[in-house]
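First comes the structure, then the notes that go with it.
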Amino acid sequence: MKTVNHWIGGKTVEGASGNWGPVTDPATGAVTTQVALASAEEVDSAVAAAKAAFATWGTSSLAQRTGILFRYRALLDARRDDIAALITAEHGKVHSDALGEVARGLEIVELACGITTQLKGELSTQVSSRVDVSSIRQPLGVVAGITPFNFPAMVPMWMFPLAVACGNTFVLKPSEKDPSAANLLAEMAAEAGLPDGVLNVVHGDKVAVDALLAHPDVAAVSFVGSTPIARYIHTTASANGKRVQALGGAKNHMLVLPDADLDAAADAAVSAAYGSAGERCMAISAVVAVGAIGDELVAKIRERAEKIKIGPGNDPASEMGPLITKAHRDKVAGYVTGAAAQGADVVLDGTGHTVEGFEEGHWIGLSLLDKVSTDSDAYRDEIFGPVLVVLRKETYEEGVDLINASPFGNGTAIFTRDGGAARRFQLEIEAGMVGVNVPIPVPVGYHSFGGWKDSLFGDHHIYGNDGVHFYTRGKVVTTRWPDPSEAPAGVDLGFPRNH
């Protein structure tokens, strides 16, 4: 059986805790790998390696950092298929989706390659007689990232490339459900020339997470995952004096107005709800149909959903793969089986779906629930599976009120031909990312990603300008060089005079 160990100080380090976690192939249900689960002492070893590396990396030149990152970008580009194959084997998503994940991660590596312009400071000269003031940004030190199972390559790449480009060193704790991609990313960084200890990968469960949150040498923590865990990460790490960005869960709504192109809206709803088997924090999981279009829109969604090909992720014919674990599959199915009792019209029930030859896989089909009430479990909870709920409202205002009443505020979208309505929506809606006729409005790398309300804990969004600010701290330097021809000014106990 394959074993995934830690990557500490530029080399593979065998797990020493004696605890191992199983990694399954979601398409077959078979355990294919065991992953080391770190003790607090092993986490301390990774942080120590990062701290030692920061002594030189933190003062390295921008030319050295960007040179390494450009080489890293080339290696990642050349080995896209290798990374995607690991993702498919352990997560289950189809290969094309895994390739898309790698491509979106590469965007942040490219952003990090341009860190020279992102870290430029500011200078004001002659603010007083021969006094200049400059503002600079400096790295924090050792920073940590705790990442989810649904994007085992992309989310780590949202974090560590920018962090190390800013001069920090990094300890990554990826999901123990699909850990192999993280190790490959670290090995490739070393191949690109990243010095030992700058990027470390330590695998584990809550023991490892808590050790990072409490460690006195960890200056900041980045997290992506569910809202309850994001809240815990933020509370615990903040109490230990750390800077935190913790991105939580979502219930992303798509508001469809009566004037919308319903074919385009149905295409978007199916793509955004069922892509990656719904295991995306930016998935559309609730469609709000406004006016009399509900029946027609639901029919169009159903027509498309019934044609989706479900199968193993390494089969080129497959459009959607299995869920990550059997336990998660059963949890998702529970929302569908309980929906009718809570008043929903079950248009499609995917809970009985299996794939011939792969009967032990974590399979579930596409489910579509219509006329769902806002107090039902299927609406209130983040299901994180291929379940789309449809709600009906009579007016634009009622639709916006419904969306804004949600405790989540990650992403949302509106489908309409009315520019005025779209403009109102983007200003009135309470969410961090908004799409106009775009169902999954994930920003490009040079804009920041993040939600509002219970979808984000902390002051900074991830990557983009917010990412640079999160991984650095500002310093203002005031300088006065007296003219050598002048006599000393003497003692003055008042405020410096600027006029």
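The values are calculated or read from the model by the stated rules, or taken from the named source; none is laboratory data. The structure displayed is predicted, hence computed values, not measured ones. FYI the Cβ positions are ideal-geometry reconstructions off the backbone, even for glycines, and counts take in every protein chain you see. Heads up: the accessible areas ignore ligands, DNA and RNA and are worked out on the full protein's heavy atoms, side chains in. Shrake-Rupley method; radii C 1.70, N 1.55, O 1.52, S 1.80 Å.
Reducing region 251-316 and region 105-140 to their Cα centroids gives an inter-centroid distance of 43 Å. The angle separating the long axis of helix 154-165 from the principal Cα axis of greatest extent in the chain is about 10 degrees. Shown here: the chain, whose C-alpha atoms stretch 87, 58, 39 Å along the first, second and third principal axes, sorted largest to smallest. Between S285 and N252, the built amide H atoms are under 5 Å apart, and every one of these is 5 or more places off in sequence or on another chain. The amide H of I8, built 1.01 Å from its N in the peptide plane, has V13, V201 as neighbours under 5 Å, considering only residues 5 or more places off or on other chains. Treating r as the C-beta distance of V207 and T12 and R0 as 25 Å, the FRET efficiency rounds to 0.75. Probing with 1.4 Å while keeping every protein chain in the model, the per residue accessible area of region 116-178 equals 31 Å². Working from label points 7 Å from Cα in the Cα-to-Cβ sense, the K2 to R417 distance is 5.0 nm. A full extension of the chain between S373 and V476 corresponds to an added length of 31.7 nm, given 0.36 nm per residue minus the alpha carbon distance. Only protein heavy atoms count here; under a 1.4 Å probe, L212 has an accessible surface of about 0 Å².
Straight-line reach from K371: taking Cα to Cα under 23 Å and skipping same-chain neighbours fewer than 8 places apart, the lysines in range are K251, K300, K307, K331, K393. Here the gap between D82 and S61, fully extended at 0.36 nm per residue and compared with their Cα-Cα distance, gives a gain of 4.4 nm. At the residue level, S96 shows approximately 90 square angstrom of accessible surface with a 1.4 angstrom probe and all protein chains present. For the chain, the share of DSSP beta bridges that are antiparallel, to the nearest 5, is 40%. Derived scalar couplings between HN and Hα for region 342-347 equal 9, x, 7, 9, 7, 6 Hz in order, rounded to whole Hz, by the Karplus curve 6.51 cos²θ - 1.76 cosθ + 1.60 (θ = phi - 60°), x for Gly and Pro. Principal axis extents of the C-alpha atoms in region 1-159 (largest first, rounded to whole Å): 74, 38, 23. In this calculation the C-beta distance from V436 to A103 is compared with R0 = 25 Å, giving a FRET efficiency of 0.60. Oblate is the label for region 297-369, because a/c, from the alpha-carbon gyration tensor with a ≥ b ≥ c as root eigenvalues, is 1.5 or above and a/b does not exceed b/c. Heavy-atom accessible area with a 1.4 Å probe sorts S124, S485, largest first, into S485, S124. Listed values for region 298-310 are Karplus-derived 3J(HN,Hα) couplings in whole Hz (6.51 cos²θ - 1.76 cosθ + 1.60, θ = phi - 60°), namely 4, 4, 5, 5, 4, 4, 6, 4, 5, 9, 5, 8, 9, and x replaces Gly and Pro. Stretching the chain fully between A292 and L493 yields a gain of 64.9 nm (0.36 nm per residue, less the alpha carbon separation). Between E360 and L123, the distance separating the two model label sites (each 7 Å from Cα on the Cα→Cβ line) works out to 6.7 nm.
Cα centroids of region 183-197 and region 376-424: how far apart, whole angstrom? Here the answer is 42 Å between Cα centres. Residue by residue, region 198-215 carries 3J(HN,Hα) couplings of 6, 10, 10, 10, 10, 8, x, 10, 4, 4, 5, 4, 5, 5, 5, 5, 9, 5 Hz when phi is fed to the Karplus relation 6.51 cos²θ - 1.76 cosθ + 1.60 (θ = phi - 60°); x denotes Gly or Pro.
A simple spin-label model places the labels of D263 and Y446 3.6 nm from each other, with each point 7 Å out along Cα-to-Cβ.
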